[in-house]
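See structure below.
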Ligand code: NAD
Ligand code: UFG
């Protein structure tokens, strides 16, 4: 059985679908701080099977001990964490405490119960801002611009050190680029609370009429159209990478890092235009100042994941926008309906 922490969330719920489709039994632990249990009902609608669910905080060692005692867990995928960059600047203690405690408590309980395989949600945010593109797994890390980024960087250090100390451990660190889109069924997707921080959910709320217009954060970058370029990856592709990572972890020892992106950069205006095509409407936007901490261009070198995990993203920008729009129109208020 696979333990999926944070499995009720955006990426976690998509991973549950792919794990169940691949034949795995799944137990989700989530405290629902940024998600709804309804997402797991939707996983059942898609796959015919609802993951087992325990509402608990991963930082609660006693509760996690009980989960490992109750279920026969072979491997863990650790998505649980707080992820809002801006909020992490306002509430650094909450971010360090939640994200680092969760990683450490999980490792303690895994050790107690003899579970050795872990896949961790890291981020392209661990890369230093002064690298050449594309980013490879050996590009420089550190110099994070916010506490959220540091929690990912520090968690990586913790996992690497644990693998040095314990040769039985197998830990896969997946550095996600920009996950977007939704399951093709329109039943699960991203459901941000309040004003979306990220581009695609913001654009989709403009498209559905929840917001007037998008603000493009700067059009004077050194890119083809002056707007920021990122490596957007369909969340279903990303979810599938976790199935490959779990299979890899169960056959190898030590700590390995993989970039999970498409290897292709798209600008803010590329997203606006692709979304307009998907929804058949104009997306009004205004150009505002640059957002502090943003880089002009970020995209992945995906060769390592391709060679070692056999991972290659299948879905293009058109499909990411079409699936995002289907989710948005079927669930105009997310899971809160
Ligand atoms: P999400 O907020 O939708 O999912 C995270 C889940 O973890 C939520 O369901 C939340 O309720 C839960 N959670 C948080 N702290 C918890 C705790 N202490 N105990 C139990 N549950 C807890 O976010 P997501 O986009 O699905 O991201 C999943 C993971 O991927 C996160 O670790 C995030 O940092 C990482 N990541 C996300 C992105 C992105 O752009 N979405 C990019 C890189 C990395
Ligand atoms: N952008 C806008 N307007 C908006 C929101 C974003 O123009 O309202 C622009 C940004 O300036 C950037 C691009 O759209 O050029 C993408 O921005 P996102 O906020 O969607 O994504 P980021 O690349 O800034 O950051 C995301 C996650 C981080 C993660 C990083 C790398 O938010 O947590 O990807 O994985 F670390």
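Derivation of every value follows stated rules applied to the coordinates shown; laboratory data play no part. Since the structure is predicted, the reported quantities are computational estimates derived from the model, not experimental observations. Backbone-built Cβ (ideal geometry, glycine too); neighbour counts: all protein chains shown.
A few notes on this one:
- Most fluctuating residue given options 55, 70, 108, as computed from a GNM of the chain linking Cα atoms under 10 Å: 70
- Whole-angstrom gap from the stretch 151-192 to the stretch 1-50, using each part's C-alpha centre: 15 Å
- For the pair residue 160 and residue 101, a Förster radius of 22 Å applied to the C-beta separation gives a FRET efficiency near 0.75, rounded to the nearest 0.05.
- Taking the centroid of alpha carbons for each part, the stretch 276-337 and the stretch 205-251 are 4 Å apart.
- FRET efficiency, residue 333 to residue 303 (Cβ-Cβ, R0 45 Å, nearest 0.05): 0.65
- Fully extending the segment from residue 143 to residue 314 would add 58.4 nm, taking 0.36 nm per residue of separation and subtracting the current Cα-Cα distance.
- Structure remark: mean-square fluctuation, Gaussian network model of the chain, C-alpha springs under 10 Å; the largest value among 263, 114, 194 belongs to 194.
- For the chain, the longest principal axis of the alpha carbon atoms and the long axis of helix 147-165 meet at an angle near 30°.
- Distance (nanometres) between label positions extended 7 Å along Cα→Cβ at residue 210 and residue 282: 2.4 nm
- Here the gap between residue 50 and residue 91, fully extended at 0.36 nm per residue and compared with their Cα-Cα distance, gives a gain of 11.3 nm.
- Rounded, prolate or oblate (a/c below 1.5 giving rounded, otherwise prolate when a/b exceeds b/c) for the stretch 268-310 by Cα gyration tensor: oblate
- Modelled label reach - residue 25, point 7 Å along Cα→Cβ, the stretch 34-69 residues with backbone N closer than 12 Å: 52
- Of the residues 289, 51, 179, the one that moves most in a GNM of the chain with alpha-carbon contacts below 10 Å is 289.
- Each residue, residue 224 and residue 111, gets one label point 7 Å from its Cα in the Cβ direction; the gap between the two is 4.9 nm.
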